[in-house]
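The structure under discussion appears below in the form of structure tokens.
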Amino acid sequence: MKTIKSIISVSIPIFAIILFGSFSTEPVIQENMNKEPSYQPDQIIKLPEPLLTSSVSVEEAMQNRRSVREFKPDALTIEQVSQILWAAYGINEPRSHPSFLRGGLRTAPSAGALYPLDIYLVCGNVEGLRAGIYKYLSEDHSLELVSEGDIRKELAKAALEQGFIEVAPISIVYVAIFSRTTQKYGDRGRERYVCTDLGHSAQNVYLQAYGLNLGTCAVGAFTDKMVSMVMLLTNREEPLYIMPVGKY
């Protein structure tokens, strides 16, 4: 009897540790997801000014645009990256008011000019730019370093093992902060307007990529939580698209 009692007295605390310990990880993960990224002020990279004319017409770009899923690993220039990001969500009419414009009107239209999208650059092979995750700051056309290191392999795994994401020198990752739109438009903002905004911006990337003799593909097939973890997103940021860009 003493042996049985001693086994029970040892087993119960161990069982409790296993049981309650297994539930304790979720709040930690949730806490980390809620944290805002800690950017360093000295890691702001001013991008080259975008070009406003080219030898490729809008009509030609629309006629020849295709989704590209086979890329060369060749490096892109910082000028090409600058042009792509400006086309996606750059400021084309600076305004200081109202404050929700966050710098002004942009290259892509948005319901109520609320601009719910944020854009990240996954850099793997760009001349003069370290590999890492960057946030695009439309307000002054710059990049803010989030984390150093090439994460293309991890991002491809999160996107259901789509290998071309690992090969492409960069990927544009779109995330939404739905509250920017839903606070005015309610459920319709989440169900329709934000995704409509996404389509406007993504088409700009397609057309600009063609104009630079580059290719891209809008990827929506991925595991949201895995992409969020790889990209170090906050809890309020929801991933919508991955757009690898490169030569082909």
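Would you mind checking which residues have amide H under 5 Å from R106's amide H? H placed 1.01 Å from N; only 5 or more apart, or other chain.
Amide H neighbours of R106, under 5 Å, 5+ apart: N92.
So if R0 is 35 Å, what FRET efficiency would R188 and E60 give, r being the distance between their Cβ atoms, rounded to the nearest 0.05?
Efficiency, rounded to the nearest 0.05: 0.45.
Kindly flag which residue pairs out of K153/K184; K46/K72; K184/K247 have an alpha-carbon separation exceeding 32 Å in this structure.
Those over the limit are K153/K184; K184/K247.
Which order do peptides 221-230, 59-68 fall in by mean Cβ count within 10 Å, highest first?
Result, highest mean first: 221-230, 59-68.
Residues with beta-carbon under 13 Å from that of V126, excluding V126: net charge, scoring Lys, Arg +1 and Asp, Glu -1?
-1
What distance in nm separates the simple spin-label points at S147 and S67, each placed 7 Å from Cα in the Cβ direction?
Simple spin-label model gives 2.7 nm for this pair.
Ratio of Rg to Rh for the stretch 72-147, alpha carbon only, Kirkwood?
Rg/Rh: 1.02.
Along the Cα→Cβ direction, 7 angstrom out, place labels at T53 and N235. What is the inter-label distance in nm?
Once both label points are built, they end up 5.2 nm from each other.
Enter the accessible area per residue of the stretch 136-211 (Å², integer; probe 1.4 Å; all protein chains in place).
Counting only protein heavy atoms, the per-residue value for the stretch 136-211 is 42 Å².
Lys and Arg at +1, Asp and Glu at -1: add these up for the other residues within a Cβ distance under 15 Å of G211 and post the number.
Local charge sum for G211: 0.
If a/c stays under 1.5 just call it rounded; otherwise compare a/b with b/c (prolate if a/b is bigger, oblate if not). Do that for the stretch 102-206, with a ≥ b ≥ c from the square roots of the Cα gyration tensor eigenvalues.
prolate
How far apart, in nanometres, would the label points at K225 and S179 be if each is projected 7 angstrom from Cα along the Cα-to-Cβ direction?
2.2
The values are calculated or read from the model by the stated rules, or taken from the named source; none is laboratory data. On a predicted model such as this, the values are computed, not experimentally measured, just so you know. Methodologically, a virtual Cβ is constructed for each residue, glycine included, from the backbone with ideal geometry; neighbour enumeration extends over all protein chains shown. For accessibility, only protein heavy atoms count, side chains too; no ligands or nucleic acids. Shrake-Rupley method; radii C 1.70, N 1.55, O 1.52, S 1.80 Å.
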